[in-house]
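Derivation of every value follows stated rules applied to the coordinates shown; laboratory data play no part. Not measured: the values here are computed from a predicted model.
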């Protein structure tokens, strides 16, 4: 059930069988959400955190005119809102982009987990720091990369994050998102995303069609993005 | 919700929209076309060029063309000596 979460943790740190059991024991409930459901709203008090088991969801903020900026994508194995454990309410929304299965961990149980298993507390602290690193990389993309580079960077990031949890390899991965979803990640319009995808396809770097990313030339896709995976803090990816 | 396709035609050729967009009204589709043209032009400006010869064709679910939006419709150009 939480195998992808454990894979994500173990990609960076060892997790003992006892720690694994403690994480499993902290889960009180499983829920299924349909696609396009905002299930965490800004300002609403939260008494639990949500661990994504299956599907893709996002954090986003929006403007009164309806324009939405997705600030991070979450894949299976990620906590969507571990930071709500300390913040108690969020300054942003969390929404499913595909049907999602999640596990609920009450904050009271997280509190006990961090007291009884201090090393796990540090691992989860690391996880929120990792989210912050991803946000900084997206900030670089939004502020400085051009459309081609930022789309390439996003596809490179997802390739690694999904590979860690067994949902991608170097040839590609399923990405059941729309061009509008991608546009909202990149601060572009879907027409601009469409044109940029065509550019990347014509350069024989990557294709995105019918929810499937097909990577044609990973080294050059990374080069096009100036992608440096160091911000994902994976020892084995340091040289990539 | 309504479904429209925004097909792009510009200097690099035709970029058909195979996915389309869900919007509440045609006005939203038109607004999206305008925003898209501005986004594309602004990206080109960063490379020092402005090419207004393109267009976006808005089509309905039957792929029939509903409206053509020339790039020039999305911006107001003020050149030297003009007010």
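Rounded to the nearest angstrom and listed largest first, the equivalent-ellipsoid semi-axes of the stretch A:36-120 from its Cα gyration tensor are 24, 15, 10. For the protein assembly as shown, the alpha-carbon coordinates run over 72, 42, 42 Å along the three principal axes, in decreasing order.
Each principal axis of the Cα cloud of the stretch A:128-240 was evaluated for its coordinate range; sorted largest first, these ranges are 36, 29, 24 Å.
Helix A:190-202 and the long axis of chain A differ in direction by around 70°, with both axes built from C-alpha atoms.
Radius of gyration over Kirkwood radius for the stretch A:1-156, both on Cα atoms: the Rg/Rh ratio is 0.97. The angle between the Cα long axis of helix B:26-45 and the longest principal axis of the Cα atoms of chain B comes to about 40 degrees, rounded to the nearest 10. In this entry, the stretch A:177-240 is assigned a mean projected area of 4.9 nm², taken as a quarter of its C-alpha convex hull surface. Expressed in Å, the radius of gyration and Dmax of the Cα atoms of chain B are 13.8, 46. What whole number of Å gives the distance from the Cα centroid of the stretch B:55-83 to the Cα centroid of the stretch A:18-94? Centre-to-centre distance over Cα atoms comes out at 40 Å. With respect to chain A, whose longest principal axis is taken over its alpha-carbon atoms, helix A:17-26 is tilted by about 90°.
Running Debye on the stretch A:10-73 with equal point scatterers at the Cα sites and no solvent, what base-10 log of I(q)/I(0) appears at q = 0.17, 0.20, 0.29 Å⁻¹? For the stretch A:10-73, the Cα-only Debye profile gives -0.86, -1.05, -1.36.
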